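Student: Dropping a structure here in structure tokens format, bear with me for questions.
The values are calculated or read from the model by the stated rules, or taken from the named source; none is laboratory data. Treat the numbers as computed from the prediction; the structure is a model and nothing was measured. Virtual Cβ from ideal backbone geometry, glycine too; neighbours counted across all protein chains shown. Please note that ligands, DNA and RNA were not included when accessible areas were found on the heavy atoms of the full protein model with its side chains. Shrake-Rupley method; radii C 1.70, N 1.55, O 1.52, S 1.80 Å.
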Amino acid sequence: MPAAALSHWRDFRNIVLFTGAGLSAESGVPTYRGAGGIWREYNYQDYACQRAFDRDPVQVLDFHELRRAKALNCAPHAGHAHIRAMQAGHPGVHVITQNIDGLLQRAGVAVAAELHGSLWRLRCPVHGMREDLAAGAFAHRRCPDCVPDRAPWLRPDITWFEDAVNEAVFEHAAMLVDDAELFVGIGTSGAVWPAAGFAERARRRGARMVEINPEDNEASALYGEHIRLPASKALPEAFPIGG
Ligand code: NAD
């Protein structure tokens, strides 16, 4: 697809940018699938499910601290900055992300829906969320506002394997997708459900469908246009800001 084809992108009233792990790949955060993927190194059953947390919260919290430290070593790239610039010039650019790494937020992007939560939030069943985008290690592992002897472990606010998704977040995302005239999938394999269903939903609603991904995958057929470039190059080329 010639990049210039979307030079009129501002004419779309509502735009959804649907992002996945591939958007963070150029920042150095490993994607889910393929070589270097974290689940080749760690067994999710020991680190990323409620059962593991119930069995050994310290091991699970150590693992998430490590992931935060790794994410803090990664910086947002030109693609993230471009999304921020798109939002600055158009109030209808909505970002729905599957990423939990906080890179979009660190780039100043307003994220409308974090479908799978965030590495940077911990939650107490009684007192709710604690959020800190810069916390490699949180000051507390047990809720400091609960009765000391019975304070629960603070659980990462992430949709782990075997968890149900956050329905309120998915409903909000669905509303945005239903209104989208342009839907851009960026760096997602479309293999993780139910999040992957948003592309099909947008297509059925008649949105113009654009995929940014250097590689083809099973969800690519949902898109009418494909930009086979890394996100940092594709975004500025496809959605020019100036002029
Ligand atoms: P995925 O790993 O399944 O797929 C990543 C896709 O990005 C691939 O199709 C790949 O071809 C593409 N890609 C690689 N480099 C790219 C680039 N430079 N520009 C554009 N595309 C590129 O990712 P997914 O579809 O998001 O599903 C993974 C799941 O795991 C998500 O649910 C997510 O919550 C979680 N996850 C998150 C992170 C993160 O927060 N960064 C990292 C790994 C996994």
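Student: Using a probe radius of 1.4 Å on heavy atoms only, what accessible surface per residue do you get for the stretch 36-162? Whole Å² is fine.
Tutor: Spelled out: the 1.4 Å probe surface of the stretch 36-162, per residue, equals 47 Å².
Student: Looking only at the chain, where both bridge partners belong to it, what percent of the DSSP beta bridges are antiparallel (to the nearest 5)?
Tutor: 25
Student: For the stretch 125-135, just list the computed ³J(HN,Hα) in residue order, Karplus coefficients 6.51, -1.76 and 1.60, θ = phi - 60°, integers in Hz, with x standing in for Gly and Pro.
Tutor: Computed from phi, the couplings for the stretch 125-135 are x, 9, 9, x, 8, 10, 10, 8, 6, 10, 7 Hz.
Student: Return one number: the angle in degrees, 0 to 90 and rounded to the nearest 10, between the long axis of the Cα atoms of helix 57-72 and the longest principal axis of the Cα atoms of the chain.
Tutor: Compared with the principal axis, the helix lies near 40 degrees.
Student: Another question about this same structure. List the trypsin sites (Lys or Arg not before Pro) within the stretch 113-206 that DSSP assigns to loop and that have no more than 13 neighbouring Cβ atoms inside 10 Å.
Tutor: Of the trypsin sites (Lys or Arg not before Pro), the ones in loops of the stretch 113-206 whose Cβ has at most 13 other Cβ atoms within 10 Å are ARG205.
Student: Got a number for carbon plus sulfur as a percent of the chain's accessible area, 1.4 Å probe?
Tutor: C and S fraction of accessible area: 51 percent.
Student: List the GluC sites (Glu not before Pro) in the stretch 130-215 that DSSP assigns to loop (not H, G, I, E or B) and whose Cβ has at most 16 other Cβ atoms within 10 Å. Which are they?
Tutor: Here the sparse-neighbourhood loop sites are GLU162, GLU181, GLU215.
Student: Taking just the alpha-carbon atoms of the chain, what radius of gyration and Dmax come out, in angstrom?
Tutor: Computed over the Cα atoms of the chain, radius of gyration and Dmax are 18.4, 63 Å.
Student: Compute the angle between helix 78-89 and the longest alpha-carbon principal axis of the chain, please, reported from 0 to 90 degrees and rounded to the nearest 10.
Tutor: 70
Student: Shifting gears a bit: Specify the inter-centroid distance of the stretch 14-69 and the stretch 183-219, based on alpha-carbon positions, in whole Å.
Tutor: What the calculation gives is 21 Å, centre to centre.
Student: Could you tell me what percent of the DSSP beta bridges with both partners in the stretch 80-168 are antiparallel, to the nearest 5?
Tutor: 75
Student: Taking every DSSP beta bridge that has both residues in the stretch 94-221, what percent is antiparallel when rounded to the nearest 5?
Tutor: Counting DSSP beta bridges with both partners in the stretch 94-221, the antiparallel share is about 50 percent.
Student: List the cysteines in the chain whose Cβ has no other cysteine Cβ under 4.7 Å from it.
Tutor: CYS49, CYS74
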